[in-house]
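**Q** Dropping the structure in here first, questions after.
All of the numbers you see were taken from the coordinates with simple rules; none came from a lab. All values reported here derive from a predicted model rather than from experimental measurement. With ideal geometry, Cβ positions are generated from the backbone for all residues, glycine too; neighbour counts draw on all protein chains shown.
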Amino acid sequence: MPTIELLRVPTTNRPERESFSDFLGLYPRVHVALHLPDGKRPRTVVIGLHPTAASLLHPTLRAMVERGFAAIGMAHRFYGNDSRLFMEELLLDLGGAVRFARQRGFENVVLIGSSGGGSVVTTYQSQAESPTITSTPAGDPPDLTQEELPSTDGIILVAAHPGRPRVFTDSLDPSVVDESDPHATDASLDMYDPRNGPPYSAEFIARYRAAQEERNHRITRWCWAKLAELERLHDGGRDLQFPVYRTNADLCFLDPAVDPSERTTSASASTYRGDLRAVNRNAYGGMARCSTYRSWLSQWSLSASNADGYFHASRISKPFFIVNFGADEGVFPRYSKGYYEAVRHSDKELVTVIGAHHFVHTQPEVHNKAMDLLADWLRRKGF
């Protein structure tokens, strides 16, 4: 049987560093689970994480161990509560796991970014190779140019989107006209109004996508204004929470002709907790239902966030293996293609796993095929 070792690891080699979490008294608590094949000490370890979920026992990591590799899963400081997540601090947590892997003597360290983990691992490796991020968008620590982020040896992206700002905006309901009132909407921009489709016309799609981006920018402008207001008050307050309504409205959910793939609209409904229209209108499901001014700028804002997966992928020199799931209900083909096109060097591969849904671990045969592809790439690269 594989062995598992659960440990708490430091996130930085600089104990004097203070982050916004430190300022609030929310000190980093990062745990890693080291998985080892029975009786073996592999040369290569893969590390996986997700911005929201704990990945200590992720099915992909277990599958890699079954195929002879070591694996590290993470429970970072924000897992289970991303209402105040800062991408810059999340990179420090990942750096702690990479440092731990190097200290344990692994010759090769490969990052696996599944789903929302894609932009995290690409941003991390980009900053490990050539750091440029000196603060959060709101000006808070950490300064990554002053941190020690150990570099890794390769990147695997599995059903990964380019980052929270982009995938969130693609699901943001642009019919909302008043952020304080989820019932104040413009019916001409409601994807769930049958008068608009599906199928959706090219004119509607263009207008819809533009309005989605404008809603994101509108919230960003409001966050900047509220932070300036807090600064003027001088009462010690630096951040506040706020709700974001109607965040489950990607046109791809109802119209398979938008970014075509093997997915079906019925599968989308099943994956995203039932009736999509109800999910969009209620206080469960969707993304970013609650955020803070500062965390919005860091993780959700199109114009402010530092975590654009495509941009950071273009700065990385290490080999890439990009896996698209053919029937994915939430991460669509354009995202994998975008990553492939963003990587500037030739040491990159893009494959599609036919019939794979986003939660492929519920499809044992398809899951095994996908994991075999990952293991084969690792071996071909000498890992």
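**Q** Only sites in a loop by DSSP and with at most 11 other Cβ atoms within 10 Å count here; which trypsin sites (Lys or Arg not before Pro) in segment 175-212 make the cut?
**A** Of the trypsin sites (Lys or Arg not before Pro), the ones in loops of segment 175-212 whose Cβ has at most 11 other Cβ atoms within 10 Å are ARG195.
**Q** How big is Rg to Rh over segment 146-194, alpha-carbon atoms, Rh as the Kirkwood inverse-mean-distance radius?
**A** Radius of gyration relative to Kirkwood radius: 1.28.
**Q** A further question on this structure: May I ask you to sort PHE332, PHE86 by Cβ crowding, counting other Cβ atoms within 10 Å and putting the fewest first?
**A** Starting with the residue having the fewest Cβ neighbours, the order is PHE332, PHE86.
**Q** Take VAL343, VAL65 and order them by how many other Cβ atoms sit within 10 Å, fewest up front.
**A** Going from sparsest to densest Cβ surroundings: VAL65, VAL343.
**Q** Take every Cα-Cα distance within segment 194-235, group them into 5 Å bins from 0 onward, and report for each bin the whole-number percent of pairs it holds.
**A** 6, 19, 15, 13, 12, 9, 9, 7, 5, 5, 1
**Q** Continuing with the same structure: What's the long-distance tail for segment 299-368, i.e. % of Cα pairs beyond 16 Å?
**A** Considering segment 299-368, 56 percent of its Cα-Cα pairs are separated by more than 16 Å.
**Q** Looking at segment 338-370, which trypsin sites (Lys or Arg not before Pro) are DSSP coil and have at most 14 other C-beta atoms within 10 Å of their C-beta?
**A** Those that pass, being in a loop and sparsely packed, are ARG344.
**Q** While we're on this one: What shape does segment 101-171 have by the C-alpha gyration tensor, where a ≥ b ≥ c are the square roots of the eigenvalues, rounded means a/c under 1.5, and otherwise prolate means a/b greater than b/c and oblate the rest?
**A** Taking the square roots of the gyration eigenvalues as a ≥ b ≥ c, segment 101-171 is oblate.
**Q** Let me ask something else. Go through HIS361, THR264, PRO194 and say which Cα lies farthest out towards the positive end of the charge dipole of the chain; charges sit on Cβ, +1 for Lys and Arg, -1 for Asp and Glu.
**A** HIS361
**Q** Just going by the charge dipole of segment 36-184, with Lys and Arg at +1 and Asp and Glu at -1 on Cβ, which of ALA70, GLY154, LEU94 is farthest out on the positive end?
**A** Farthest towards the positive pole: ALA70.
**Q** Still on this structure: Over the chain, calculate the relative contact order: mean separation of alpha carbon pairs under 8 Å at least 6 apart, over the residue count, as a percent.
**A** Over the chain, the number comes to 17 percent.
**Q** Sort TRP296, TRP222, TRP377 so that the residue with the fewest other Cβ atoms within 10 Å of its own Cβ comes first and the one with the most comes last.
**A** Exposure proxy ranking, most exposed first: TRP222, TRP377, TRP296.
**Q** So if I place +1 on the C-beta of Lys and Arg and -1 on the C-beta of Asp and Glu, and nothing else carries charge, what would the dipole magnitude of segment 148-232 be about its Cα centre? I want it in debye, nearest 20.
**A** Approximately 120 debye in magnitude.
**Q** Let me ask something else. Which value, in debye to the nearest 20, gives the size of the charge dipole of the chain about its Cα centre, when Lys and Arg are +1 and Asp and Glu are -1 at the Cβ?
**A** 860 debye
**Q** Span-like helices, the chain: DSSP H, alpha-carbon axial extent 15 Å or more, mean Kyte-Doolittle -1.0 or greater, which ones?
**A** What comes out of the filter, once short or polar helices are dropped, is 87-103, 117-129, 202-233, 364-380.
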